[in-house]
Amino acid sequence: MAWFKRTENDIDTGVYKTVRTEGLWTKCPGCGQAIFKAELDENLQVCPKCQRHFRIDARARIANLLEPGYSLVDLELVSTDPLHFTDLKPYAKRLKAAQAASGLNDAIVNATGSIGTQPVVLSVMEYSFIGGSMGCVVGETIARAVDRSLAARHPLIIVSSSGGARMMEGIASLMQLAKISAALAELAAHKIPYISVLTDPTTGGVTASFAMLGDLNIAEPGALIGFAGPRVIEQTIRQKLPEGFQRSEFLLEHGFLDAVVHRRDLKSYISRALSWFNY
């Protein structure tokens, strides 16, 4: 007789159901603790134990920042393959795979809506789409966000998460740095606020252009921010970098950022910051 099978008094516990826990837990790369995924979702993808900020996708970011009723715009643009670029696989195949996996045409999503009572234009990068790299579509989409901000005189917010310019588009991708920077200069000339939010990671040409051009530059805790990555720098200068180098707290301490803001406080911080501007 099985240990847990009793027939006296009509009790029979011999039938069991297997409880599957696969996919219900995740391991925090910061503290190594197992976290219940539902708890992580409720905490805006921030580890409740060590406060490590996990990466989140562009649409979740928009939903966290804007009030209900916002609109997604400029989603119709699609990248081409002007150089017929091939490395380990053709660029055209990389694009199709990224589009199928993300449900987006490229590594950027624009939205219009409000933060509190303040109408804003929001542009959010999608890191899962070829590393959030900036090609022609990303550049044009952000330029359109600037145009919308100018036309409506609504503040612009760009949330960066990127490995930099998209090498598969060559010089055409590098041109986007100047294109967006020029558009933001026009925004500044009309005294319309631009807030830049830097998340993990923000590197390469994105850091070298619009990510650092905000009237207010703020970052999430622990975000990697820089031009070249720390391993590349160490190999180039043959020196060990300081502890925490290129993390948002290090940049704040050295004057490259205005604030480091926890994800749960980001929406209220931006809302309060917008009240400081006169436009």
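Only the coordinates and a few stated rules stand behind these numbers; no lab work does. Everything numeric in this text was worked out from a predicted model, so none of it was measured. Because the Cβ atoms are built from the backbone with ideal geometry, glycine has one as well, and the counts that use them run over all protein chains shown.
Taking other C-beta atoms within 10 Å as the exposure proxy, Ile35, Ile233, Ile115 rank Ile233, Ile35, Ile115 from fewest upward.
Helix 170-189 and the longest principal axis of the Cα set of the chain meet at an angle near 70°. Label separation (Lys191 vs Lys49): 5.2 nm, computed from points 7 Å beyond Cα along the C-beta direction. Each semi-axis of the equivalent ellipsoid for the stretch 210-278 is √(5λ) with λ an eigenvalue of the Cα gyration tensor; in descending order they amount to 28, 12, 9 Å. Between Gly226, Gly131, Gly103, the Gaussian network model of the chain with springs among Cα atoms under 10 angstrom shows the greatest mean-square fluctuation at Gly103. If you model the stretch 19-171 as an ellipsoid using its alpha carbon gyration tensor, with each semi-axis the square root of five times an eigenvalue, the axes come out at 29, 24, 12 Å, biggest first.
Applying the Karplus relation 6.51 cos²θ - 1.76 cosθ + 1.60 with θ = phi - 60° to the stretch 253-265 yields 3J(HN,Hα) values of 4, 9, x, 8, 10, 8, 6, 10, 10, 4, 4, 5, 9 Hz, where x marks Gly and Pro. Placing dummy labels 7 Å off each Cα toward the beta-carbon, the span from Ala38 to Thr86 is 5.0 nm. Amide H contacts of Val73: Asn110, Ala111, Thr112, each under 5 Å away and 5 or more positions distant or on a separate chain (H built 1.01 Å from N in the peptide plane; Pro and chain starts excluded).
In this Cβ point-charge picture (+1 for Lys and Arg, -1 for Asp and Glu), the chain has a dipole of about 360 debye about its Cα centre. Extending 7 Å from Cα along the Cβ direction at Ala259 and again at Lys27 yields two label points whose distance is 3.6 nm.
With Cα atoms as the point set, the radius of gyration and Dmax of the chain evaluate to 22.5, 86 Å. Pairs from the list Lys37/Lys179; Lys191/Lys267; Lys37/Lys89 with a Cα-Cα gap above 31 Å: Lys37/Lys179; Lys37/Lys89.
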